[in-house]
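All remarks here apply to the structure that follows.
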């Protein structure tokens, strides 16, 4: 499944041969440019894993393939930080945030798609306008509020302020609008209320889009850095923050740092490899239109 | 596009605020009950945004007129506009604005030029290869910013780093002002390239192929078709990306600046958002940070508004 619809333009038969040669050149050019760019993009990711698998004495080696393979860096990382606990914390944080954003987005998207009401456009703008408010403007008051609530240095403190995302609302609204209106009508005829229509009719029909968006939101939350860095200042107990343990005044321990960074990226990269088509489809179709 | 909201739940008037006479009390209640559902469904999201986005925005406005060191025990003092005056007197502030402009300009090739070229070329490549290229370009987006920062720091290490040894240079990338700025731009660009490529691909997929087909029937060359049909129809997508770059460039590079350079060397990579962070949590000057935040908020809001207006006037739409 390619990302882009390939268009085959019609040509008159007379210039067929020229066009064929020309189009082959273009295809080769396409492969060269895309392949080269792809390689440039992937080199840092490859180097991350390559370094993490080198033996400690080979860390500075430039050989493209790490040989002999060694898990010494991973062992050292495990001895310095509590990797299983970090993975679990990060997973719980990302899953809760993604789930919360999915639910609030679904409810709001449903309200915007199924009814017409007086403040509709204004309220939609209230969601979209959050993109204009930078994190750095809200951080101090939010930090103070979390301090009052006593949730600083806890996962709860990271999750709660992130339970609603404008992106989820916007995407789910456009998905919900594409649900045939007869379906909602039929549900009403059956005597279902709005709440039961949402869960028994809308959600089952929206399953693929919800899954794709859920994965995107999970990835976003997993990679989140600002807010955890602020709230978890004292504990550093998610993966992205644990990386700092290997950067010290007496020099950086590249091996274990790369190993931990590699682990921090692994779940997301695997998730993407398995679900690539779905994520891309979900993203392209929910169409930033 | 889909039709406007279905008529299933017919338009209902919002509840009246004025107290109604007893005689019409029952119908009024019923009207409220009928109008309530969409608001109830919106309530959780709105409540969260109210508490975690708009309340702090208002608080920040107040904070920008106070002098406070973030300690709950120490009192905040009202100081009027002095935070704003102090801000404009500080050379850091205007310098950070200038560096943010450089950052934005430096990122445009990554968010506009390359994705467009890639998107147009990708139409010639199909099948499995296209999926693989796409995955490769998209991969950096999945790398957590801090992990990306770590690996780039390693590759740019002046002693054993990959970059210097491949290029045969001895540049100390992250310790010299010019190279450090370049490094931050390239790493940020590497991160967002996949996203921009995906957005352009989505935009190209949305363009009806009949336009270019009929153009080439009329004898237009491939370049003419691209120049006069595809690019104009892509302009809304490109202006969306331009808007995102303007608003979010400093935001995208923040984790890198915070992990790799800490704004240095000698402030060379301090952009507007890093400056805010530094005011609040570096020098614990909450009032100054809030005042700077307000100025950036207004500034970026105006930029967005102007750009959206321009976009409406200048772009082409397929309909």
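Numerical summary
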{"item": "Residue match in the range B:91-109 (condition: without any contact (Cβ under 8 Å) to a residue 12 or more places away in the chain and under 30 Å from residue A:145 (Cβ atoms))", "result": "no"}
{"item": "Residues satisfying the stated conditions in the range B:279-295, i.e. in a helix (DSSP H, G or I) and surrounded by fewer than 21 Cβ atoms within 10 Å (Cβ to Cβ)", "result": "B:281, B:282, B:294, B:295"}
{"item": "Pair list, Cβ < 7 Å and 6+ apart or interchain, from the range B:209-226 residues that are at the interface with another protein chain (Cβ under 7 Å from one of its Cβ atoms) to residues that are in a helix (DSSP H, G or I)", "result": "B:212/B:225; B:212/B:229; B:212/B:230; B:216/B:225"}
{"item": "Residue check for residue A:62: more than 8 Å from chain B (Cβ to nearest Cβ) and at pLDDT below 90", "result": "no"}
{"item": "Residue check, residue B:201 closer than 23 Å to residue B:267 by Cβ and within 28 Å of the chain's Cα centre (by Cα)", "result": "no"}
{"item": "Number of the exception - residue A:243 against (1) farther than 30 Å from residue A:66 by Cα; (2) surrounded by 15 or more Cβ atoms within 10 Å (Cβ to Cβ); (3) facing chain B (nearest Cβ under 10 Å)", "result": "(1)"}
{"item": "All helices (runs of 4 or more DSSP H) inside the range B:30-109 with 1 or more residues being surrounded by 15 or more Cβ atoms within 10 Å (Cβ to Cβ) and touching a strand residue (DSSP E or B) at 6+ places or on another chain (Cβ under 8 Å)", "result": "B:82-89"}
{"item": "Subset of the range B:125-148 that is crowded, with 20+ Cβ neighbours inside 10 Å and not in a helix (DSSP H, G or I) - its residue that is modelled with the lowest pLDDT", "result": "B:125"}
{"item": "Residue match in the range A:190-211 (condition: over 18 Å from the mean Cα position of the chain (by Cα) and closer than 30 Å to residue B:159 by Cβ)", "result": "no"}
{"item": "Enumeration of residues in the range A:63-85 that are more than 13 Å from residue A:256 (Cβ to Cβ) and in contact with a helix residue (DSSP H, G or I) (Cβ under 6 Å, 6 or more places away or on another chain)", "result": "A:66"}
{"item": "Members of the range B:149-173 found to be at the interface with chain A (Cβ under 7 Å from one of its Cβ atoms) and either surrounded by fewer than 20 Cβ atoms within 10 Å (Cβ to Cβ) or under 26 Å from residue A:91 (Cα atoms) (or both), listed by number", "result": "B:150, B:151, B:152, B:160, B:162, B:165"}
{"item": "Test set (1) farther than 23 Å from residue B:135 by Cα; (2) modelled with pLDDT of 80 or more; (3) at the interface with chain A (Cβ under 8 Å from one of its Cβ atoms); (4) touching a helix residue (DSSP H, G or I) at 6+ places or on another chain (Cβ under 9 Å) - residue B:236 fails condition number", "result": "(3)"}
{"item": "Residues of the range B:276-294 that turn out to be modelled with pLDDT of 85 or more and more than 9 Å from chain A (Cβ to nearest Cβ), as a count", "result": "3"}
{"item": "Tally of residues being more than 17 Å from residue A:165 (Cα to Cα) and either facing chain A (nearest Cβ under 7 Å) or under 26 Å from the mean Cα position of the chain (by Cα) (or both) across the range B:43-69", "result": "7"}
{"item": "Test result for residue B:269, in contact with a helix residue (DSSP H, G or I) (Cβ under 6 Å, 6 or more places away or on another chain), assigned to a loop (DSSP other than H, G, I, E, B), crowded, with 18+ Cβ neighbours inside 10 Å and in the same structural domain as residue B:200 (by TED's automatic domain parsing)", "result": "yes"}
{"item": "The lone exception for residue A:60 - which of (1) farther than 25 Å from residue B:135 by Cα; (2) touching a residue at least 12 places away in the same chain (Cβ under 8 Å) it fails", "result": "(2)"}
{"item": "Residue within the range A:182-196 that is part of a loop (DSSP other than H, G, I, E, B), more than 8 Å from chain B (Cβ to nearest Cβ), in contact (Cβ under 8 Å) with a residue 60 or more places away in the chain and in contact with a helix residue (DSSP H, G or I) (Cβ under 9 Å, 6 or more places away or on another chain) present", "result": "no"}
{"item": "Test: residue in the range A:77-99 that is crowded, with 18+ Cβ neighbours inside 10 Å, modelled with pLDDT under 90, more than 25 Å from the chain's Cα centre (by Cα) and not in a loop (DSSP other than H, G, I, E, B)", "result": "yes"}
{"item": "Residue in the range A:171-205 that is surrounded by the most Cβ atoms within 10 Å (Cβ to Cβ), counting only those that are at pLDDT below 85 and within 20 Å of residue B:42 (Cα to Cα)", "result": "A:175"}
{"item": "Qualifying residue in the range B:179-190 (condition: touching a residue at least 24 places away in the same chain (Cβ under 8 Å) and in a loop (DSSP other than H, G, I, E, B))", "result": "no"}
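Condition check ((1) under 30 Å from residue A:99 (Cα atoms); (2) out of contact with any helix residue (DSSP H, G or I) (no Cβ under 8 Å at 6 or more places or on another chain)) across all residues:
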{"position": "B:56", "(1), (2)": "yes, no"}
{"position": "B:70", "(1), (2)": "no, no"}
{"position": "B:75", "(1), (2)": "no, yes"}
{"position": "B:103", "(1), (2)": "no, no"}
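The values are calculated or read from the model by the stated rules, or taken from the named source; none is laboratory data. This structure is a prediction, so every number in the text was calculated from the model and none was measured. Virtual Cβ from ideal backbone geometry, glycine too; neighbours counted across all protein chains shown.
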